[in-house]
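Report on the following structure.
The values are calculated or read from the model by the stated rules, or taken from the named source; none is laboratory data. What you see is a predicted model, and the numbers here were worked out from it, not measured in a lab. A quick note on method: Cβ atoms are made from the backbone with ideal geometry, for glycine too, and the neighbour counts reach across all protein chains shown.
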Amino acid sequence: MPANNTVTQDTGTLFQFFNPGSLAGDATLVGAGVRELLAQTAQEAANSSKQPARFATAVMDASSSVPQALYSLAQCTPDLSAGDCLACLRWIIGMVNDTASLSNGGRILVLRCNVRFESFLFYDGAPMKRITSSSSPPAPPVPAPATNTSMPRSSFLSVRRLFQ
């Protein structure tokens, strides 16, 4: 249970947007792949203590279950504990229902955390984590990160400025 329950009850700042169109493939497998991608990205962000703290990007390569690569980002305000960050991210990922998970992409954010997924690379730099769909063979390891420690740019830059 998060130490601060208001983290998962903040509906006043809720923003959701899902892209028009649908991802190709079996709806059940694609939806499960999107939710798996977001869940693993959220776990990575919550456990991240490296700068930028409470931030992660990931990619799920195309496979038989998800026929195109999917990219994700998860972020919390750096002052949140790992538990509160994960609780916040899980709460908003829970809003990605069967219909929304088939969208060509989408984003959900509240004041303290946000997630985004797309069928295109929407941030600078290599993904921080490579995620394999549970019904796919293992993917090759992610290359070592570049020495540039700046945060990848995304459409959440205005939100990111609030966190600084």
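The table below gives the values:
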{"quantity": "Meets criteria (assigned to a loop (DSSP other than H, G, I, E, B), over 19 Å from I131 (Cα atoms) and not basic (K, R)) for A53", "calculated": "yes"}
{"quantity": "Any hit, the range 150-157, residues being at pLDDT below 90 and assigned to a helix (DSSP H, G or I)", "calculated": "yes"}
{"quantity": "Members of the range 70-84 found to be among the hydrophobic types (A, V, I, L, M, F, W, C) and part of a loop (DSSP other than H, G, I, E, B), listed by number", "calculated": "L80"}
{"quantity": "First in the range 109-120 and in contact (Cβ under 8 Å) with a residue 60 or more places away in the chain, second anywhere and of a type in the set (G, A, S), Cβ under 6 Å, 6 or more apart", "calculated": "V115/A74; F117/S72; F117/G105; E118/G105; S119/G105"}
{"quantity": "Total residues in the range 10-49, condition closer than 18 Å to C113 by Cβ, among the small types (G, A, S) and assigned to a helix (DSSP H, G or I)", "calculated": "4"}
{"quantity": "Of all residues in the range 49-79 being over 30 Å from G25 (Cβ atoms) and surrounded by fewer than 24 Cβ atoms within 10 Å (Cβ to Cβ), the one that is farthest from the chain's Cα centre (by Cα)", "calculated": "D79"}
